[in-house]
């Protein structure tokens, strides 16, 4: 009886004042960024973000699959290589050079870029050119927010991006010396300004793991995955179409646009369907053994938002 | 020299059925893992690739049997048929997984793939040739065809090896080291055979 009456309360153990202070210390730490206190961020920091309507109605890929099945050739060409090798990459300090046709060019510290921009969670489909797909809860914001911050000049027509090129921390670079490092990608300015195009700094409620492109990456859900460049160190506004890595390597296979398009096959495989990562080959209601496959929709299901960007264009020519 | 003698006398004691059984284990394990969803994030791709790669490795072993005997005195001739038949079995599973799991038995897609995509063309050509060799891998066929003709037919193994190597080489997004090494091995084995035949 006595026990029930005098239930022990948290305040009995830690006085409220100290308890509040402890909270303050914790929030203070997270504002500095736990990652900045560590040599590298093997450690995921949980993020504050708001939910949005950008949420596809599909089963989300498991976090372990999305963080262990990656193409990030800077860390090796095997699907597991990025997870195994990416912890070597130092992501703090991190600066992004923004230059070209902008009003405020410069080397921006990551915190300066992110300051004042609220984080949102967006659940997007992710379709790799290799005919597999995931559904990923990204955390970030529209790319246009950064572009507006630095002021895009009227003569700018394209945005070029570049990935970190640091062979001492990225074992795949030395292992593949003929690859045209650094990895570069690009978008047309109107594509970049489309609200769907996002910069992600996190996924699954936490900061991005290195193998997924920490500390900031592009996510363009209506294009094949390789367009969504990782670990960005440079953003340039240009008036001519920038070079893109896979286009340089095999121009007949990978175009500048690389929009997800089930009607235009890759020369070596069909793009009409995709293997769903994490799917079992058995699934109730699916035809014979095909539980882990699905038909690929035009623009990866984002036609309503982006088809107007390409009206009048021959998408077989501009693949 | 001594080591090869020991190896040869030991290997002669191994019954051929044991080799069949041993070679049946990897595909059995892989298929079990596929059906129990233990092949990781991309099970179809993993199954297709692993079984195909293992079949290709067996094919290379078959091509290496003669040079191994000539140059290193290692005698594996007794097991050549077992290796060949099992390689065909692996490639059957490779093809079936592509046809059923990847294409969902869509025959139009299959035909489109064969005529449009060189790496699939090479793969199919070598699979069909393997079928001819597999059905003639018995003593009755040797008797019916006559040893000369039969041997001539089974020289197709080299063409199969080259087609399989090209199939693998043309599959990757960039030039990767593994398929290049396998291609080089097949070419070296073929050259050895040509030089031997000429002299």
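A few comments on the model shown:
- Point-to-point label distance, residue B:140-residue B:192, nm (Cα→Cβ direction, 7 Å offset): 3.4
- Percentage of interatomic Cα-Cα distances in region A:214-263 larger than 15 Å: 54
- Order of B:85, A:129 - criterion: other Cβ atoms within 10 Å of each residue's Cβ, fewest first: B:85, A:129
- Within region A:67-84: backbone nitrogen closer than 17 Å to the residue A:165 label point (7 Å, Cα to C-beta): A:73-76
- Label point at residue A:248 placed 7 Å out along Cα→Cβ; residues across region A:86-128 whose backbone nitrogen lies under 19 Å: A:97-100
- Rounded to 0.05, the FRET efficiency of the residue B:149 and residue B:68 pair, given R0 = 25 Å and the Cβ-Cβ distance, is 0.45.
- Cα gyration tensor of the protein assembly as shown - equivalent ellipsoid semi-axes, whole Å, descending: 52, 29, 23
- Selected from B:57, B:78, B:151 as most flexible by GNM, with chain B as the system and alpha-carbon contacts under 10 Å: B:151
- Taking B:177, B:74, B:114 as the candidate residues, the one with maximal mean-square fluctuation in a Gaussian network model of chain B, Cα springs under 10 Å, is B:177.
- Orientation-averaged projected area, Cα convex hull of region B:2-198 (nm²): 13.4
- Sorted by Cβ neighbour density within 10 Å, fewest at the top, the residues A:96, A:233, B:77: B:77, A:233, A:96
- Size of region A:14-310 as Cα extents on the principal axes (Å, biggest first): 64, 52, 41
- Cα-projected label distance for residue A:298 with residue B:53, points at 7 Å along beta-carbon direction, nm: 3.9
- Computed as a quarter of the hull surface, the mean projected area of the alpha carbon convex hull for region A:116-226 stands at 8.2 nm².
- The calculated FRET efficiency for residue B:107 paired with residue A:316, based on their beta-carbon distance and R0 = 22 Å, is about 0.30.
- Using a Förster distance of 41 Å, the FRET efficiency for residue A:153-residue A:50 (Cβ separation, nearest 0.05): 0.85
- Compared with the dominant Cα axis of chain B, that is its longest principal axis, helix B:118-135 is turned about 50°.
- Look at B:117, B:49 and count the other Cβ atoms within 10 Å of each Cβ; fewest to most, that gives B:49, B:117.
- Were the residues from residue B:10 through residue B:115 laid out at 0.36 nm apart, the gain over their Cα-Cα distance would be 33.1 nm.
- Over the protein assembly as shown, dividing the summed -39,500 (n - 2.57) contributions of all DSSP H runs of at least 4 residues by the number of residues returns a 222 nm mean residue ellipticity of -13000 deg cm²/dmol.
Taken together, the values in this text are just the output of simple stated rules run on the coordinates, not laboratory data. Just so it is clear, the structure is predicted and the values come from calculations on it, not from any experiment. Neighbour counts run over all protein chains shown; Cβ positions are idealised from the backbone, glycine included.
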